[in-house]
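Taken together, the values in this text are just the output of simple stated rules run on the coordinates, not laboratory data. These numbers were taken from a predicted model, which means no experiment stands behind them. Heads up, the Cβs are rebuilt from the backbone with ideal geometry, glycines too, and the neighbour counts pull from every protein chain shown.
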Amino acid sequence: MRPIERILADQDGVVSRRQALAAGLSANDVRRRLRRREWAVIHDGVYVDHTGPLTWRQRAWAAVLACWPAALADASARRAHEGPGRHGVDGRAEIQIVVDHRRKVRQPPGVDVRRIRRFEQVVQWNLGPLRMRYDDAILSIADNAATDLAAIAVLADACGGRRTTADRLIVALRGTARLHRREWLAQVLNDVAEGTCSVLEHGYLTRVERPHGLPRGLRQVEARDSAGRRLFRDVRYGGERPRWRQIVELDGRLDHSSVADRDRDLDRDLDAAVDREHTVRLGYGQVFERACRTASRLDLLLHRHGWRGCAHACPDCPAEIAWRGQPRPNDEVGNF
């Protein structure tokens with residue numbers, strides 16, 4: 001196989017002008033192939049060996065070669081590592097790449113170029129097209145996610161897919177200085193590594209219970225299951241000798257199942273519990289994305305199970321959320 005044919009085979013039919021000349025072709029050879037429509041231009045100095053639609057990998061190769069040295073980044077790097085099946089990335093979306101922070105690169109059409117300081121360290125040099133290491137790409141995606149729940153979903157999917165672990169992501173996080181969510185990501189990853197849900201518990205206290213005047217719950221209460229085994233309840237309302245009792249379990253497990261599907265299931269569980277259950281399970285969506293609505297439903301739930309207090313709206317509550325009303329003058333919040 002001739003050198004140019006080997007390059008085309010290795011790079012999904014994509015080649016740069018620099019590579020073609022280094023493989024022994026002349027400038028006239030390149031022009032002749034373009035003129036005969038054996039090759040087509042993708043970007044300046046980057047060609048493909050056909051004139052039809054480009055595959056995603058061909059677009060990825062073209063983006064990296066057009067800005068060489070460069071590497072796929074974030075969602076593009078994740079797709080290159082995982083393949084197209086798991087996330088269904090739109091093949092027409094911009095290709096995300098990174099280059100060294102000292103370079104000034106003109107951004108080709110359809111390519112999103114970002115400069116980073118740790119270019120040499122984060123690139124996996126033995127794979128083609130070049131791409132960010134999987135752990136670094138996952139942290140970057142989570143750090144730039146639109147919401148906390150979306151960031152958690154990224155980490156959950158990566159760990160649940162068994163391509164990485166929370167411990168590996170923690171190590172990568174320690175070596176990455178410029179992250180907006182650094183401390184929060186570290187807390188979430190520590191939760192995953194230790195099998196706890198302290199981030200979720202703290203979020204429930206500061207976003208749901210406290211700002212809405214719900215009664216103060218007892219946390220990590222020791223109990224026994226039907227077989228006599230010891231367990232701990234996340235939050236228990238009703239005191240030691242209550243006339244009523246309500247358990248709130250905070251489900252912070254991150255596994256390979258769809259976070260969006262699990263979130264919808266948890267929301268349905270909460271609605272069903274208002275009518276007939278004394279244990280309710282909440283997840284990240286109820287706590288971090290719908291805290292006010294969750295608090296209003298818990299107020300109704302606690303009231304139906306015997307609480308004589310009354311919760312209230314917080315300063316950030318949407319106007320459309322309905323509340324049972326303000327507490328009675330002689331009925332303090334938390335009075336059982």
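Under 1.5 on a/c is rounded, so check that first for region 142-193, then, if it is not, pick prolate when a/b is larger than b/c and oblate when it is not; a ≥ b ≥ c are the square roots of the alpha carbon gyration tensor eigenvalues.
oblate
May I ask you to order 314-320, 181-187, 232-238 by the average number of other C-beta atoms within 10 Å around their residues, highest value first?
232-238, 181-187, 314-320
Rounded, prolate or oblate for region 1-77? Axes are the square roots of the Cα gyration tensor eigenvalues, ordered a ≥ b ≥ c, and the cut-off for rounded is a/c under 1.5.
Taking the square roots of the gyration eigenvalues as a ≥ b ≥ c, region 1-77 is prolate.
Cut-off is 10 Å between beta-carbons; in what order do Val123, Val248 appear when sorted fewest neighbours first?
Val123, Val248
Mind sorting Thr147, Thr164, Thr294 by how few other Cβ atoms lie within 10 Å of their own Cβ, fewest first?
Thr147, Thr164, Thr294
Could you go through region 51-61 in sequence order and give the Karplus-derived ³J(HN,Hα) for each residue, using 6.51 cos²θ - 1.76 cosθ + 1.60 with θ = phi - 60°, rounded to whole Hz, and x for Gly and Pro?
For region 51-61, the Karplus-derived couplings read 10, x, x, 8, 7, 4, 5, 5, 5, 5, 4 Hz, x marking Gly and Pro.
Nothing charged except the Cβ atoms of Lys and Arg (+1) and of Asp and Glu (-1): what's the magnitude of the dipole of region 142-193 about its Cα centre? Round to the nearest 20 debye.
220 debye
For Trp61, Trp39, Trp56, Trp125, what ranking results if the residue with the fewest other Cβ atoms within 10 Å of its Cβ goes first?
Final ranking by Cβ density, sparse to dense: Trp125, Trp56, Trp39, Trp61.
Can you give the relative contact order of region 101-172 as a percent, counting alpha carbon pairs under 8 Å and 6+ residues apart?
Values: 47 pairs, mean separation 14.4, N = 72.
In percent, rounded to a whole number, it is 20.
Within region 106-147, which trypsin sites (Lys or Arg not before Pro) sit in a loop by DSSP and count at most 13 neighbouring Cβ atoms inside 10 Å?
Numbers: sites: Arg106, Arg114, Arg115, Arg117, Arg118, Arg131, Arg133; in loops: Arg106, Arg117, Arg118, Arg133.
Filter output for region 106-147: Arg106, Arg117.
Which cross-chain or sequence-distant (5 or more) residues have an amide H under 5 Å from the amide H of Arg131, H modelled 1.01 Å from N in plane?
Under 5 Å from the amide H of Arg131: Leu72, Gln124.
Give the dimensionless ratio obtained when the Cα radius of gyration of region 21-133 is divided by 2.2 N^0.38 Å.
The reported ratio for this selection is 1.12.
5 Å is the cut-off here: which amide hydrogens, built 1.01 Å from N in the peptide plane, fall below it relative to Arg114, excluding neighbours closer than 5 in sequence?
Ile97, Val98, Val99
For the peptides 18-31, 64-77, what is the packing order when you average, over each peptide's residues, the other Cβ atoms within 10 Å and list the highest mean first? Please report the intermediate quantities before stating the final value.
Values: 18-31: 13.9, 64-77: 24.1.
Descending packing order for the listed peptides: 64-77, 18-31.
Need the C-alpha centroid separation for region 94-143 versus region 34-78, integer Å.
One Cα centre to the other: 16 Å.
Might you report the magnitude of the Cβ-based charge dipole of region 59-141 about its Cα centre, with Lys and Arg at +1 and Asp and Glu at -1, to the nearest 20 debye?
Charge dipole of region 59-141: 280 debye, to the nearest 20.
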